[in-house]
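Working notes for the structure below.
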Amino acid sequence: MHLHDPAHAFVPYPDVPVKTAATGPLSDLRFAAKDLFDVAGYPTGGGSPFLLAMSGVKTQTAPAVQALLDAGAHFVGKTVTDELAFSMTGNNAHFGAPMNGAAKDRITGGSSSGSASAVSSGLCDFALGSDTGGSVRAPANHCNLYGLRPTHGRISLERVLDLAPSLDTCGWFARDIGTFARVADVLLGADAKPLPAKPRLLWPQDIWAMLSAPVTQALAAPAEHIQSVLGQAVPVEQIALESWDAMYWNFRYIQGRESWLTDGPMIERFAPPLGPGVAERFAWSREVTDAQVNTARAFRIAFREKLAALLGDDGVLLMPTMPDIAPLRSAADNTLEDYRNDSIRMLCVAGLSGFPQLSMPLAQRDGAPLGISLLGPAGSDRGLVALAERIAA
C-alpha cells in the first residue's frame with residue numbers, strides 16, 4: 001500500500017516488495033503501474049471489485065513492467081483505473097476519483113486516472129497506463145504531462161487486462177521530457193525507420209476546426225513555437241475518411257464489439273453493478289451487430305492506408321490532443337458524456353490508424369493544462385519523443 005497518497009491515486013493493496021535491478025538507466029526513478037498490469041505478489045483488479053475478487057495474487061509480472069524493473073526503476077504501487085478501463089472521466093464508482101495534481105478542481109481523465117494523478121501529484125517520477133480510445137492522451141492533456149499512445153503492438157501487453165485488443169496500447173506519463181525520453185529508451189528502443197531531423201510537418205485543418213475559439217487561441221503560441229523548431233506546417237484539408245461521424249461510429253463499433261467479447265461473459269454471469277456511463281457503454285456494446293463490425297473493420301483498413309499515404313516515412317501531424325481543458329469535477333454526467341463523445345472524434349485518428357501520438361503539456365487555458373500533439377507514421381514513436389526533446393529545449 002502507498003502510505004502517503006493524498007491524491008487517492010493508488011489502489012490500497014498490502015505492500016509487497018518487488019525486486020528491481022541494483023543498477024540501470026532508470027535506477028534513480030520511481031514508477032507506478034495502472035491496475036491492469038500484472039505485478040508478481042499483487043492481484044490485478046482492473047477497477048472492478050468482481051475482477052479483483054477473481055484475480056488471485058499474480059505470480060508473474062507483465063513484460064512491460066519487468067523491463068522497467070530490469071532497468072533499475074523502483075516500483076511504488078498499482079494505480080486506480082476507471083472501471084474495466086472503459087471510461088474517460090477518471091471517476092471510478094467503486095474506488096473513487098484520483099486527484100488531478102495540476103488542476104485540483106478538474107477531473108484527471110481516464111482510464112489511466114491513477115497513473116496520471118500519481119505523476120502530476122509528484123508521488124512518482126513516471127507511471128504506466130494504457131490507451132484504447134484515449135486513456136493516456138486524455139489524462140496527459142488534463143494533468144500537464146507528457147503521454148504517448150505508441151504504435152499498436154510496439155510495447156508488449158502480455159499479462160495486461162484487455163479491453164479491445166486491436167485498439168489497446170501500453171503508454172506512460174512523465175512530468176518532464178528528460179524523464180519521459182529515458183523511459184522511451186527502455187520501453188521503445190530505437191525506431192526501425194527513424195524520422196528525419198526536419199520532418200514534413202502537416203496541419204490537419206479539419207481537426208483544428210473542431211476547436212472553440214478560446215482553445216485555438218490557447219494553442220496558438222505553442223503551435224508557432226513548434227513550427228519555429230521543426231519547420232512550417234503544411235495545411236491538409238481533410239484527415240477524416242468520409243466524415244467525422246463515420247470516424248466516430250466505426251471506431252466505437254470496433255471498440256464496443258471487442259470490449260463486449262472481453263468483459264461481456266463476466267458481466268452476464270455475475271451482473272455486477274457497473275458505474276454510471278460504464279453500464280450504458282457495455283449495454284450499447286452488447287448490441288453492436290456483425291454487419292456494423294465488418295463495415296467498421298473495412299473502414300479502418302481504408303483509413304489506415306489513407307493516413308499512411310499522407311504521412312509517408314517523414315510526415316508528422318501537428319494537432320490538438322483534446323477538444324479542451326479537463327471538465328470540472330462538479331460537471332454533470334451528461335456534460336462529461338458529451339465531452340467524451342467530442343473527444344473520441346479527435347482521439348480516433350491514432351486509434352483507427354494504430355499510429356503513435358505524443359501529447360506535450362505546452363499550453364494552458366483558465367489556469368488549467370492543455371496539450372498539443374505530434375502524430376507520426378507507424379513505428380516513429382522514439383522519433384516523436386526526440387522531436388519533443390528538441391521542442392522542449
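Here are the numbers for this structure:
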item	result
Once the Cα gyration tensor of the range 29-93 is diagonalised, semi-axes √(5λ) in Å	22, 15, 8
With at most 13 neighbouring Cβ atoms within 10 Å, loop trypsin sites (Lys or Arg not before Pro) (DSSP) excluded, longest segment of the chain	105-393
Where a label projected 7 Å from the Cα of D176 along Cα→Cβ would reach, residues of the range 342-365 with amide N under 17 Å	361-362
For the chain: relative contact order, % (alpha-carbon pairs under 8 angstrom, 6 or more apart)	19
Sequence-distant residues sharing a close amide H with G371 (under 5 Å, placed H)	T321, M322
If the convex hull is drawn through the Cα atoms of the chain, its volume per residue in Å³	122
A213-R297 FRET efficiency (beta carbon distance; Förster radius 56 Å; 0.05 resolution)	0.90
Ellipticity estimate at 222 nm from DSSP helix runs (n ≥ 4, -39,500 (n - 2.57)) divided over the chain, nearest 500	-12500 deg cm²/dmol
Full-extension gain in nm, A21 to Q232, via 0.36 nm per residue minus C-alpha separation	71.5 nm
Length added when fully stretched, A246-T335, from 0.36 nm per residue minus Cα-Cα	29.8 nm
Spatially close lysines, pair count over the chain: Cα under 24 Å, gap of eight or more or interchain	10
All-pairs Cα distance distribution in the range 278-393, expressed in whole percent, bin size 5 Å	2, 9, 15, 17, 17, 15, 13, 8, 2, 0
Carbon/sulfur fraction of accessible area - the range 1-152, other protein chains in place, 1.4 Å, %	57
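The values are calculated or read from the model by the stated rules, or taken from the named source; none is laboratory data. Computed from a prediction, not measured in an experiment: that's the story for all the values here. Reconstructed Cβ throughout: ideal geometry from the backbone, glycine too, with neighbour counts over all protein chains shown. When the accessible area is computed, the model is the full protein with side chains, heavy atoms only, and any ligands, DNA or RNA have been set aside. Shrake-Rupley method; radii C 1.70, N 1.55, O 1.52, S 1.80 Å.
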